[in-house]
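Asker: Here's a structure for you.
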Amino acid sequence: VVGDSRVCLVVEHELTAPSDRRLQRNRETFVIGHIDPTVMDELRAISTPTTVDLRSITTRKPRLDGGPEVHRTQLAIPRDAGLRYGSLSGDLNVVHTTRLAARLFGFRGAFLQGLGTANHVLSDIARHTPGRLDAFEVTFARPLYVGQTVELARDRTTFEVTDQRKHLVAYGTYRVAR
């Protein structure tokens, strides 16, 4: 429970091979707002109290400076990126595919799915880093609105994606087995 009318839902799942070798582990966090007060009372009765400071995620500033270890790439995110990625992934939520619908839900416009953003980062790592990706963790700080060019900055273990306004939209860590 976060505040008077919001909850933070954390979903963790793991994919293992028949040999019990872990293939993938995911942890996803969703914030759900505008919840009816009666439902909030019921959730408080069954939830485990935790402290989540969501402001630290949305207000975090980019930290990768211009040092020699930092690789920077410009990524063009076309206006139809949400629709194109949704056609592949099955996530055709209207906030990703239609500007008007996204605005009705309180967003500035349509935005790329989180996994679409992660795929841009993973593609850059795969193209420019020798070795096999061993671990990848991403935090989505803000929507990545379509129809803009964003910057991906990464060093040997961390990455950041910033939008045209220089706001951090995603950040995380990765590890490559050498």
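Asker: Send over the per residue convex hull volume for region 53-150, Cα only, as a whole number of Å³. Provide the component values of the computation, followed by the final result.
Answerer: Values: hull volume 13.1 nm³, N = 98.
About 134 Å³ per residue, rounded to a whole number.
Asker: Looking at region 143-173, which trypsin sites (Lys or Arg not before Pro) are in a loop (DSSP not H, G, I, E or B) and have at most 15 other Cβ atoms within 10 Å?
Answerer: Working: sites: 154, 156, 165, 166; in loops: 156, 165, 166.
The qualifying sites are 156, 165, 166.
Asker: A further question on this structure: Taking amide H positions as placed 1.01 Å from N in the peptide plane, with prolines and chain starts having none, which residues 5 or more places from residue 148, or on another chain, fall under 5 Å of its amide H?
Answerer: Those lying under 5 Å, H to H, from residue 148 are 77.
Asker: Something else now. For the chain, what percent of Cα pairs sit more than 25 Å apart?
Answerer: Details: 6836 of 15753 pairs.
The share of Cα pairs beyond 25 Å in the chain comes to 43 percent.
Asker: Read phi for every residue in region 132-138 and hand back ³J(HN,Hα) as whole Hz from Karplus 6.51 cos²θ - 1.76 cosθ + 1.60, θ = phi - 60°, with x for Gly and Pro.
Answerer: With coefficients 6.51, -1.76 and 1.60, one gets 9, 5, 9, 7, 8, 9, 10 Hz.
Asker: Would you mind getting the accessible area per residue of region 25-178, heavy atoms of the protein chains only, 1.4 Å probe, in Å²?
Answerer: Details: 9920 Å² over 154 residues.
Accessible surface, normalised per residue, equals 64 Å².
Asker: Moving on. Please tell me the relative contact order of the chain in percent, rounded to the nearest whole number, where contacts are Cα pairs under 8 Å and at least six residues apart.
Answerer: Details: 295 pairs, mean separation 34.7, N = 178.
19 percent.
Asker: Further question on the same structure: How large is ³J(HN,Hα) for each residue in region 63-79, as worked out from phi by the Karplus curve 6.51 cos²θ - 1.76 cosθ + 1.60 (θ = phi - 60°), to whole Hz, x for Gly and Pro?
Answerer: 10, 6, 8, x, x, x, 7, 8, 9, 10, 9, 8, 10, 7, 10, x, 4
Asker: For 30, 136, 105, 111, give the ranking by accessible area with the largest first, probe 1.4 Å.
Answerer: Numbers: 30 90, 136 65, 105 140, 111 25 Å².
These residues rank, largest area first, as 105, 30, 136, 111.
Asker: I'd like the carbon and sulfur percentage of the solvent accessible area for region 62-160, probe radius 1.4 Å, heavy atoms only, ligands and nucleic acids excluded.
Answerer: Values: 3080 of 5750 Å².
Whole-percent figure for carbon plus sulfur exposure: 54.
The values are calculated or read from the model by the stated rules, or taken from the named source; none is laboratory data. If you're wondering where the values come from, they're calculated on a predicted model, not measured in any experiment. Note that we place each Cβ from the backbone using ideal geometry, even for glycine, and neighbour counts take in every protein chain shown. Remember, those area values only see protein heavy atoms, side chains included, never the ligands or the DNA or RNA. Shrake-Rupley method; radii C 1.70, N 1.55, O 1.52, S 1.80 Å.
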